[in-house]
Amino acid sequence: MLQLDHYSFDLAFQYPFTISKGTKTHQPTLVVSLGMGNLKGYGEAPAINYYNVTVPDMRERLDAKRAVIERYALTDPHRFWHFLHHLFPGQNFLIAALDIAGWDLFAQMRRMPLYQLLGQKWQNIPLTDYTIGMDSAEEMIRKIQAHPWPIYKIKVGRPDDIEILRTARAHTNAKLRVDANEGWTFEEAKALLPELQKLDVSLVEQPLPRTAIEEMKELKALSAIPLFADESCQTEEDVKKCADGFHGINIKLTKCGGITPAIRMIQEAKKLGLKLMVGSMNECTIGSAAIANLLPVLDEVDMDGPLLLKEDVAEGLKYDNGVVQLSGAAGLGIKFWGEKREK
């Protein structure tokens, strides 16, 4: 028998966080726990308004299906995901939180860190970036100076993008990544790419709207900079569709439904020759630890949620100039203490 608990938090950002889709000062997030005996596994699903996902709705759905979940015999996380997939059709964010908790619990039952359970060794670990949201040039410089880091991801999608990026390059020799969040037109992207190359931008995420499939194919043929799909690659079915228009994909655990489908997406992407990134949805340490346990199979990673948030509800990850370190404990390797401060 499983014991299900869930918690709601509204975690403050250090700075207001702005992308092309809007600004927020706090990140609402759902934390779920699945207990068995003395063990508890944890998962997280941040709520994103432009995906119509809210914490109260996820909690209501959990309570409605509590008895069914608690009767489930967790013997295989892959089978557990299929059970959840049918129990909560179309609710990938909620499924992701439960799936992550299931993997955490199962790996603890096996007394192994999750990455080891997944057959990986802790080697060839990519550095994580630090995200700079849309802001004035002055504020961006202030953030860069306050947070020295080897890789910055800069959110773009405004008319002064190139001036902002030139300013950034003038104040740092770090790697620069650019994330447009569907914010450019094809003509804008085509004009910007040579300028981005001059600024030594190392990759561009989702330059065009996800519906611009044919334009992305043309843009890929023109681009000397790797182009990564984000909004264009939300679920397993999208991976193959991205092969012609992108050099790589950015997998979000919440969008695809958790670790289980992410593993399948990683396998499919490798077959197609696509570069691999797993990205943040501003998760705290819990969701970020789920990403961290996939690091050995990734080319790039964006898991800076705990760096951007002013508060957290768990511990177990360390960040040192882009290097991510796990605690070494079984499962995700985290310790949750948020039940003491739930809002």
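The values are calculated or read from the model by the stated rules, or taken from the named source; none is laboratory data. Since this is a predicted model, take the numbers as computed values, not measurements. All Cβ positions, glycine included, derive from the backbone under ideal geometry; neighbour counts span all protein chains shown. The area values use the complete protein model at the heavy-atom level, side chains included, leaving out ligands, DNA and RNA. Shrake-Rupley method; radii C 1.70, N 1.55, O 1.52, S 1.80 Å.
Between Arg79, Arg177, Arg59, the GNM of the chain built on Cα springs shorter than 10 angstrom shows Arg79 fluctuating the most. Taking amide hydrogens as placed 1.01 Å from N in the peptide plane, the amide H of Phe13 sits under 5 Å from those of His26, Gln27, Lys310, each at least 5 positions away in sequence or on another chain. By the Kirkwood approach, averaging reciprocal distances over each pair of separate Cα atoms, segment 118-196 gets a hydrodynamic radius of 13.8 Å. Once the 1.4 Å probe is applied to the protein heavy atoms, segment 89-206 comes out at 42 Å² accessible per residue. 3J(HN,Hα) along segment 256-273: 7, x, x, 5, 4, x, 4, 4, 5, 5, 4, 4, 5, 4, 4, 4, 8, x Hz, from the Karplus curve 6.51 cos²θ - 1.76 cosθ + 1.60 with θ = phi - 60°, whole Hz, x for Gly and Pro. Loop-resident chymotrypsin sites (Phe, Trp or Tyr not before Pro) (DSSP state other than H, G, I, E or B) in segment 179-235 with no more than 10 further Cβ atoms inside 10 Å of their Cβ are absent. Once you reduce segment 34-91 and segment 229-300 to the center of their Cα atoms, the two points are 20 Å from each other.
Taking 28 Å as the cut-off for C-alpha to C-alpha distance, list the pairs among Lys40/Lys155; Lys275/Lys310; Lys153/Lys241; Lys270/Lys335; Lys65/Lys121; Lys21/Lys255 that go past it. Pairs exceeding the cut-off: Lys40/Lys155; Lys275/Lys310; Lys270/Lys335; Lys65/Lys121. Comparing Asn49, Asn38, Asn250 in a Gaussian network model of the chain where C-alpha atoms under 10 Å apart are linked, the largest mean-square fluctuation is found at Asn38. Net charge dipole, segment 171-283: roughly 480 debye, given to the nearest 20, about the Cα centre with Cβ charges of +1 for Lys and Arg and -1 for Asp and Glu. Toward the positive end of the charge dipole of the chain, with +1 on the Cβ of Lys and Arg and -1 on the Cβ of Asp and Glu, the farthest Cα among Trp184, Leu308, Pro296 is that of Pro296.
Pick the calculated volume of the Cα convex hull per residue in Å³ for this structure from [x] 122; [y] 140; [z] 151? Structure-derived value, by its label: [x]. If both residues of a DSSP beta bridge must be in the chain, then about 55% of such bridges are antiparallel. Please state the relative contact order of the chain as a whole percent: Cα pairs under 8 Å, 6+ residues apart? Here the relative contact order equals 20 percent.
With both labels modelled 7 Å from their Cα along Cα-to-Cβ, the Asn173 to Ala221 distance reads 3.9 nm. The residue list Tyr51, Leu317, Ala224 was ranked by how far each Cα lies along the charge dipole of the chain toward its positive end, using unit charges on Cβ atoms, and Leu317 comes out on top. Taking all protein chains as they are arranged and a probe of 1.4 Å, the heavy atoms of Lys310 leave approximately 140 Å² accessible to solvent.
Using R0 = 30 Å, the C-beta based FRET efficiency linking Leu87 and Gln267 works out to 0.75.
Taking amide H as placed 1.01 Å from N in the peptide plane, the amide H of Val53 sits under 5 Å from that of Ile48, each at least 5 places away or on another chain. When the chain is treated as a Gaussian network with alpha carbon springs shorter than 10 Å, the biggest mean-square fluctuation among Ala73, Ala314, Ala180 belongs to Ala73.
The dipole here belongs to the chain: it is taken about the Cα centre, uses +1 on the Cβ of Lys and Arg and -1 on the Cβ of Asp and Glu, and is about 860 debye.
Of the solvent-accessible surface of segment 239-343, computed with a 1.4 Å probe over protein heavy atoms with every protein chain present, carbon and sulfur atoms account for 46 percent. Phi angles across segment 159-166 convert, under the Karplus curve 6.51 cos²θ - 1.76 cosθ + 1.60 with θ = phi - 60°, into 3J(HN,Hα) values of x, 9, 3, 5, 5, 4, 5, 5 Hz, Gly and Pro given as x.
You can think of it this way: the chain between Thr235 and Leu199 has 9.7 nm of extra reach, that is 0.36 nm per residue less the Cα-Cα gap. Across segment 1-71, the mean sequence separation of Cα contacts (distance under 8 Å, 6 or more residues apart), normalised by length, yields a relative contact order of 32 percent.
On the basis of the beta-carbon distance and an R0 of 35 Å, Arg71 and Gln120 show a calculated FRET efficiency of 0.65. For Thr131, the residues whose amide H sits under 5 Å from its own are Lys153, ignoring neighbours fewer than 5 places away on the same chain, with H placed 1.01 Å from N.
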